[in-house]
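The values are calculated or read from the model by the stated rules, or taken from the named source; none is laboratory data. The model shown is predicted, which means the values in this text are computed figures rather than measured ones. As a convention, Cβ positions derive from the backbone with ideal geometry for all residues, glycine included, and neighbour counts pool all protein chains shown. We work out accessible area using only protein heavy atoms, side chains counted, and drop any ligands, DNA or RNA first. Shrake-Rupley method; radii C 1.70, N 1.55, O 1.52, S 1.80 Å.
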Amino acid sequence: MSGFNYSKWDNLECSDSESEGEDNVGPQVTRLDESSSVTFGGGGDGITVAPSLPVPAPSVTSAPTPTPNPKPTPSKPSTTNGASFTYNWAESDGTQSPLHWSQTRDEVVLNLGLPAGVKSNQITVCGTFLRWSERQTAVGSNKGSLEIKVSLPDRRFDLLLQHRLAHSVFLGEEDDDPAVELITPDWEITGPGGGTRYLKVTLGKAVPMAGVSVWWSRLFENGSCDCEGEDLDVEMMEGRGNNKKGEKAATMKQAWDEAHKMFVEKMKEKKSSKGG
């Protein structure tokens, strides 16, 4: 029986990676005590894997404290080309309210302070007004008037305001139906955010003829309201046209007033001649 020749094992050579030097093509690992790299392969063909950048820890910040919105400061109604004064109620025991009024070329806005707790269904606004189709025929002494009532069962009065206005006013085009009685202008309650609540009434300015603007020197007819002060200087009002167009309109108004005066005198003479 033939046996194995074990003499070949005597010539077997063993070595580790440190003894093979630069010819070793196995992976080279650097001690990973801190951020390091690993290279696979040898020579210039090796692949190096760089360490990943550290992921920063998420920062924890407290949520900002919400800042409460400041309460709106109630502002007074506009008095552009108008005025403010303390109004004595028409029927009361000395009750007063602030009144502010303003005007533009086309309209007048009145703001009257209301008692606390008054609701819209307790208010009535009426007066004497021209129709839309009559807005350019305001001549003579037929001026507008305004009346404001409030129903307060626990008070001794219900009439806040009742005066003749300085000039004629008209209502909107939607109220130009002859079958509908004109009694109520546009109005609303403003200022619910705090402070004084106001009844705001908007009135259109009636004029004697097209192209003429009427600037009011006061809100109520002279002598109608003792609370109102002196007349305003209409020449200094904002928005008043100091140009040729404005001068032409003033000339037209003067001519119209003179013609109307002559017409009235002529009618009086004709009437007296018939009577004689």
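Miscellaneous remarks
- Of all residues in the range 98-120, those satisfying the criterion of being in a strand (DSSP E or B) and either of a type in the set (A, V, I, L, M, F, W, C) or closer than 15 Å to residue 220 by Cβ (or both) are 99, 100, 101, 102, 103, 108, 109, 110, 111, 112.
- Test: residue 273 is under 16 Å from residue 167 (Cβ atoms), open to solvent by less than 100 Å² (accessible area, probe 1.4 Å) and either at pLDDT below 85 or polar (S, T, N, Q) (or both): no
- Enumeration of residues in the range 213-226 that are buried (at least 16 other Cβ atoms within 10 Å of the Cβ) and over 8 Å from residue 166 (Cβ atoms): 213, 214, 215, 224, 225
- Within the range 190-210, the set of residues being out of contact with any Lys or Arg (no Cβ under 8 Å at 6 or more places or on another chain) and within 20 Å of residue 81 (Cα to Cα) comprises 198, 199, 200, 201, 202, 203.
- Looking only at residues in the range 167-179 that are modelled with pLDDT under 75 and farther than 18 Å from residue 124 by Cα, the one that is most open to solvent (accessible area, probe 1.4 Å) is 174.
- Residues located in the range 129-148, provided they are crowded, with 20+ Cβ neighbours inside 10 Å and part of a loop (DSSP other than H, G, I, E, B): 129, 135, 138, 144
- Cβ-Cβ under 6 Å pairs, at least 6 apart or on other chains, the range 120-149 side closer than 21 Å to residue 215 by Cα, far side open to solvent by 70 Å² or more (accessible area, probe 1.4 Å): 132/173; 143/164; 145/164
- Filter result for the condition that a residue is open to solvent by 80 Å² or more (accessible area, probe 1.4 Å) and at pLDDT 90 or above, over 164, 156: 164
- With respect to the conditions (1) at pLDDT below 90; (2) surrounded by 14 or more Cβ atoms within 10 Å (Cβ to Cβ); (3) under 31 Å from the mean Cα position of the chain (by Cα), residue 151 falls short on a single one, namely (2).
Yes/no matrix, rows are residues, columns are (1) touching a Ser or Thr at 6+ places or on another chain (Cβ under 8 Å); (2) at pLDDT below 85; (3) not polar (S, T, N, Q):
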{"site": "222", "(1), (2), (3)": "no, yes, no"}
{"site": "226", "(1), (2), (3)": "no, yes, yes"}
{"site": "231", "(1), (2), (3)": "yes, no, yes"}
{"site": "235", "(1), (2), (3)": "no, no, yes"}
{"site": "254", "(1), (2), (3)": "no, yes, no"}
{"site": "258", "(1), (2), (3)": "no, yes, yes"}
